[in-house]
Amino acid sequence: MTARHVFYEGRVQGVGFRYTVRQIATGFDITGSIRNLPDGRVELLAAGDADELTAFLQAIRDSELASFIKTETAGEVPTPKNLRGFEILH
């Protein structure tokens, strides 16, 4: 198991970004959460098998969301023990 913390910048709020990412997540064996940040970015935390996680993040890049993403900043983080499912946080 591995986990990644990703920040998306661009026109990523008010365009259905979080809901689309949650829909994409249903096709992968990953857990995590996504939320809007006050500074206009979107924060994603996702965990799963390394190959599955890489494929999930690539699916986001390959989706219709790509046109909204200006910058993606990702880093590996310790795998949280309490993640279940994939949630939109408010």
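Quick one: accessible area per residue over the chain, 1.4 Å probe, rounded to a whole number of Å²? Before the final figure, lay out each step's value.
Numbers: 5190 Å² over 90 residues.
Each residue of the chain exposes 58 Å² on average to a 1.4 Å probe.
Summing +1 for each Lys or Arg and -1 for each Asp or Glu, what net charge is found among the other residues whose Cβ lies under 15 Å from the Cβ of V12?
Values: positive: R11, R18, R22, R35, R41, R61, K70; negative: E9, D39, E43, E64, E72.
Net local charge, V12 excluded: +2.
Which values, in whole Å and largest first, are the semi-axes of the equivalent ellipsoid of the chain obtained as the square root of 5 times each eigenvalue of the Cα gyration tensor? Display every interim value, and only then the final one.
Details: eigenvalues 73, 37, 30 Å².
Result for the chain: semi-axes of 19, 14, 12 Å.
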- request: Would you look at the GNM of the chain, springs on alpha carbons closer than 10 Å, and say which of G14, G40, G32 moves the most?
  value: G14
- prompt: So what's the back-of-envelope 222 nm ellipticity for the chain, counting only DSSP H runs of four-plus at -39500 (n - 2.57) apiece and dividing by all residues, rounded to 500?
  reply: -7500 deg cm²/dmol
- request: Would you tally the net charge around S67, using a Cβ to Cβ cut-off of less than 15 Å, leaving S67 out, and scoring K and R as +1, D and E as -1?
  value: -1
query: For the chain, which whole percent of the accessible surface, found with a 1.4 angstrom probe, sits on carbon and sulfur atoms?
result: 47
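The values are calculated or read from the model by the stated rules, or taken from the named source; none is laboratory data. Since the structure is predicted, the reported quantities are computational estimates derived from the model, not experimental observations. Because the Cβ atoms are built from the backbone with ideal geometry, glycine has one as well, and the counts that use them run over all protein chains shown. We work out accessible area using only protein heavy atoms, side chains counted, and drop any ligands, DNA or RNA first. Shrake-Rupley method; radii C 1.70, N 1.55, O 1.52, S 1.80 Å.
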